[in-house]
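Reviewing the structure listed below.
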């Protein structure tokens, strides 16, 4: 059997596999969609919500200040909730885009492979 492998048709190789996961190849397709005005509105809503105010109360305060939604409509409790939810989703998406796992190596083994 050894003479079969010792012929010049076969060579011995050290084989293993490497595994890595990354999301850095995704494009930043929605990076430009978040304006300064939206950032300001989110900070205002977040500070009011953190101080203990509910969604309806925040909507009433924003309407009293003359603030309008992105579609130029009056604020409703659902709009306030959506701003907080969408911001959290955006942050999670941006965090996932920069994810890279550690490299994982399989066990190494010697193999006879035909040229």
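With part of a helix (DSSP H, G or I) and farther than 30 Å from residue 20 by Cα as the only criterion, which of 71, 60 stands out?
Among 71, 60, only 60 is part of a helix (DSSP H, G or I) and farther than 30 Å from residue 20 by Cα.
Has the range 32-45 got at least one residue that is surrounded by 11 or more Cβ atoms within 10 Å (Cβ to Cβ), closer than 25 Å to residue 98 by Cβ and modelled with pLDDT under 70?
Within the range 32-45, not a single residue is surrounded by 11 or more Cβ atoms within 10 Å (Cβ to Cβ), closer than 25 Å to residue 98 by Cβ and modelled with pLDDT under 70.
Name every residue in the range 1-27 that is in a helix (DSSP H, G or I) and either under 11 Å from residue 112 (Cβ atoms) or modelled with pLDDT of 85 or more (or both), in order of residue number.
Passing the criteria: 2, 4, 5.
Out of (1) within 20 Å of residue 46 (Cβ to Cβ); (2) in contact with a strand residue (DSSP E or B) (Cβ under 9 Å, 6 or more places away or on another chain), the odd one out for residue 106 is which?
Residue 106 satisfies all of (1) within 20 Å of residue 46 (Cβ to Cβ); (2) in contact with a strand residue (DSSP E or B) (Cβ under 9 Å, 6 or more places away or on another chain) except (1).
If you go through the range 85-115 one residue at a time, how many are farther than 30 Å from residue 12 by Cα and either under 13 Å from the mean Cα position of the chain (by Cα) or at pLDDT 90 or above (or both)? It would help to see each step written out before you state the result.
To start, the set of residues in the range 85-115 that are farther than 30 Å from residue 12 by Cα comprises 85-101.
Within this subset, residues satisfying the condition of being either under 13 Å from the mean Cα position of the chain (by Cα) or at pLDDT 90 or above (or both) are 85-100.
Selection size over the range 85-115: 16.
The values are calculated or read from the model by the stated rules, or taken from the named source; none is laboratory data. Fair warning: this is a prediction, and the values are worked out from it, not measured in the lab. When we count neighbours, we look across all protein chains shown, and the Cβ atoms used for this are built from the backbone with ideal geometry, even at glycine.
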